[in-house]
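Working notes for the structure below.
Rule-based calculations on the coordinates, nothing more; no lab input. Keep in mind that this is a model prediction, so the values were computed, not measured. We place every Cβ from the backbone using ideal geometry, glycine too, and count neighbours over all the protein chains shown.
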Amino acid sequence: MPRTRSRAEALATAVALKPNEWGSDFRAQQPAASTPRTVAVLGGQCRWERRTLPESVLASLSRYSEIPAAGGKGELKVSAAVTVHKTVRDADEQLASTLEEPLRCREQQVRTDERIAKLISAATPYGQGSNTYSDDQVVEIGSYLTGSGEQSYAWYVTRLGTVTLAVSVKGAKGYSDAELGTFASRANVTMLDRVESELGGEN
């Protein structure tokens, strides 16, 4: 596992999906990526914001992609994030926080014109359910709210050692829940495979 900031940043850069890696129809959102050396935090007012990396985090990178609205379908937005922690305990605490956040904030402000609501979460540690691929995983689902209406929302946070991977999919008109799930699962599998490859083998 990475022990230095430079190695952690290199890992995050190699693993986080770029737009074309989600599929040929995707392009970069604006902004296309998070501010360097910051991490996403759900604040006390239930609003997501970027803050300077805490001592427990070596690196964090989020990349934002989308399929533009066309052909009667709405604008589909996705994100891929990689966070490298100093210790397994630090990474595990991120999973615990993710699991508990819907209890504290059933509705959350993502951006000025975007909210997520009706949130529920569930954890699947290694060996439970069908999780034979990671140390732990938390899935959060709910509704994605914009001025144009309400769509499905899903967020998958997966841990391998000190590395956490996060994939979010914000639904849009014309996309089924099955399609959204396919986008998320493919992205998650791809990033898991990349972490194992970057670290020299299966975790």
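Brief remarks on what is shown
- About the Cα centre, charge dipole magnitude for segment 99-150 (Lys/Arg +1, Asp/Glu -1 at Cβ), debye: 140
- Other residues within the sphere of radius under 14 Å centred on the Cβ of residue 137, judged by their own Cβ, net out at -3 (K and R +1, D and E -1).
- Cα-based equivalent ellipsoid of the chain: semi-axis lengths in Å, sorted from largest, via gyration tensor: 25, 19, 17
- Table column - 3J(HN,Hα) (Hz), segment 30-40, Karplus curve with 6.51, -1.76, 1.60, x for Gly and Pro: 10, x, 7, 8, 6, 5, x, 6, 10, 9, 6
- In degrees, nearest ten, helix 177-198 long axis to first principal axis of the chain (Cα): 20
- Straight-distance crosslink candidates among lysines, where the alpha carbon sits under 20 Å from residue 73 and sequence neighbours closer than 8 are dropped: 170, 173
- Qualifying GluC sites (Glu not before Pro) for segment 48-91 [loop in DSSP, other Cβ within 10 Å: at most 14]: 55
- Among 24, 65, 143, the largest mean-square fluctuation in a Gaussian network model of the chain (Cα springs under 10 Å) belongs to 24.
- Loop-located trypsin sites (Lys or Arg not before Pro) in segment 96-203 (DSSP state other than H, G, I, E, B) with a sparse environment of at most 15 neighbouring Cβ atoms within 10 Å: 106, 173.
- Candidates 34, 176, 148, ranked by Gaussian network fluctuation over the chain, Cα under 10 Å, top entry: 148
- Most mobile listed residue (19, 31, 68) in the chain, GNM with C-alpha springs under 10 Å: 31
- Relative to the Cα centre, the charge distribution of the chain, modelled as +1 at Lys and Arg Cβ and -1 at Asp and Glu Cβ, gives a dipole magnitude of about 520 debye.
- For segment 83-97, Karplus couplings with θ = phi - 60° (6.51, -1.76, 1.60), whole Hz, Gly/Pro x: 10, 10, 9, 6, 9, 4, 4, 4, 5, 5, 5, 5, 5, 5, 5
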